[in-house]
Amino acid sequence: MPACPKPGGSFDVDSKHRELEQLRRKVARPGLWNDPDRATRLTRRLGAVERLVTRVESLQTELEDAEMLADLAEDEGDRETLAEVGDDLESTARRVADLELESLYFGEYDEHPAILSVHAGAGGVDAQDWAEIMVRMYIRYLDDIGLAHELDDLQEGEEAGIKSATMTVEGTHAYAILEAERGVHRLVRISPFDSNSRRHTSFAGVDVVPLVEDAPIEIEMEDLRIDTYRSQGAGGQHVNTTDSAVRLTHLPTGLVVACQAERSQIQNRARAMALLKSRLAERARAEQRKELDQIRGEQTEAGWGRQIRSYVLQPYQQVKDLRTGVEIGNIHGVLDGDLGRLTESYLHWRRADRERRDRSGAKASG
């Protein structure tokens with residue numbers, strides 16, 4: 001993307017410092033490379049955040065030094081030094097404008113891979129053809145901006161086009177970039193499937209969710225209450241005379257598991273711990289599903305009155321995003337994958353929307 005044309009946004013340095021500390025703790029944990037894929041993602045993200053924080057700190061130092069030097073030069077009437085400071089500040093301003101782009105990527109999942117799904121909506125065979133055109137548009141866009149993608153599923157239409165397609169997309173800011181596409185897309189054109197060459201309106205729906213890996217379940221011993229008791233077994237010579245049964249209570253969640261199937265306390269404790277991890281993992285997956293549903297928002301039918309973007313080929317040519325108000329006359333360029341302007345305008349709109357909501361929340365709490 002080009003340098004930000006709308007300076008003035010806020011870069012949340014504090015959140016980046018917090019993320020940096022969290023990443024450093026994760027990378028320092030023993031057994032990190034037992035899962036090479038996860039380790040690679042963590043170390044790559046750690047490097048990116050470290051470079052970003054270093055850039056911010058370097059710019060802050062440069063600005064402070066320039067201010068001090070300018071004050072000294074002004075006090076001494078040193079015009080030559082003032083001119084040099086001015087030149088340096090122009091260079092710094094360009095770097096600040098580049099850094100400003102980073103303020104557009106503030107979401108918790110912005111760096112995650114994304115799962116992009118396209119499905120035909122209202123409009124019959126025209127809608128299925130439109131869904132196929134959109135998939136081709138996205139593939140060309142992803143190729144242009146260097147995001148890796150893999151088609152996971154494709155359901156072809158009976159006559160033409162596709163019913164649905166799903167792909168996984170990975171790379172820098174993958175989810176943030178594709179989030180702009182989530183919603184209903186409307187196409188108006190002369191239908192190639194109408195023998196009378198009439199104008200038809202068709203719809204396709206796009207869903208985008210971040211790909212969130214299952215976090216490894218780690219249980220701290222201080223979070224556990226461990227109780228032992230005598231197993232309830234058969235009598236006679238098989239009676240259990242030791243406290244081999246184990247009950248584990250996970251204090252943060254209140255989950256309780258118990259095991260008395262094994263003969264030794266060590267074995268019962270190991271099985272109880274495995275059971276507790278499974279329960280915690282399922283609980284985490286349920287919370288993740290709920291969170292992703294909140295991120296995705298309300299899912300609506302891809303039909304009339306619900307579109308986020310219109311693509312009109314007849315009676316005029318124009319692409320219009322109904323959220324940001326951006327209009328593009330070169331619709332064929334957009335359909336060939338030139339989505340950069342639409343993506344960037346959405347990211348600016350998203351940031352402005354968050355700032356409005358933050359201000360409203362501050363007023364309400366005040």
key: Crossing angle, helix 79-100 versus the chain [Cα axis fit, 0-90 degrees, rounded to tens]   = 60
Accessible-area value, ASP336, 1.4 Å probe, nucleic acids and ligands omitted, Å² = 80
task = Please identify the longest segment of the chain free of exposed trypsin sites (Lys or Arg not before Pro), where exposed means a DSSP state other than H, G, I, E or B and no more than 16 other Cβ atoms within 10 Å.
result = 1-197
inquiry  = Using a 1.4 Å probe on the protein heavy atoms, what percent of the accessible area of the chain belongs to carbon and sulfur?
reply    = 47
message = At R0 = 51 Å, how high is the FRET efficiency between THR92 and LEU255 if r is their beta carbon distance? Nearest 0.05 is fine.
response = 0.45
ask   = From the backbone phi of the stretch 114-120, what are the Karplus-calculated ³J(HN,Hα) couplings (6.51 cos²θ - 1.76 cosθ + 1.60, θ = phi - 60°) in whole Hz, Gly and Pro given as x?
value = 10, 10, 9, 10, 10, 9, 5
request  = May I ask for the equivalent-ellipsoid semi-axes of the stretch 57-173, computed as the square root of five times each C-alpha gyration tensor eigenvalue and listed largest first in whole Å?
outcome  = 54, 14, 10
ask   = Can you pull the Rg over Rh of the stretch 78-136, Cα-only, Kirkwood?
value = 1.46
note = Excluding residues fewer than 8 positions from LYS16 in its own chain, the lysines with Cα under 17 Å of it are LYS26
request  = Taking the Cα atoms of the chain, report the difference between the largest and smallest coordinate on each principal axis, in whole Å and largest first.
outcome  = 91, 82, 45
key: Cα long-axis angle, helix 124-145 against the chain (0 to 90 degrees, to the nearest 10)   = 90
query = Once the Cβ-Cβ distance between ASP223 and LEU32 is put in as r, and R0 is 25 Å, what FRET efficiency do you end up with, to the nearest 0.05?
reply = 0.70
Accessible surface of PHE106 - all protein chains present, 1.4 Å probe, nearest 10 Å² = 60
Per residue, the convex hull volume that the Cα atoms of the stretch 165-211 enclose (Å³) = 87
ask   = Relative contact order for the chain using alpha-carbon pairs under 8 Å, separation at least 6, rounded to a whole percent?
value = 15
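The values are calculated or read from the model by the stated rules, or taken from the named source; none is laboratory data. Since the structure is predicted, the reported quantities are computational estimates derived from the model, not experimental observations. Neighbour counts run over all protein chains shown; Cβ positions are idealised from the backbone, glycine included. These area figures cover heavy atoms from the full protein model, side chains too; ligands, DNA and RNA do not enter into them. Shrake-Rupley method; radii C 1.70, N 1.55, O 1.52, S 1.80 Å.
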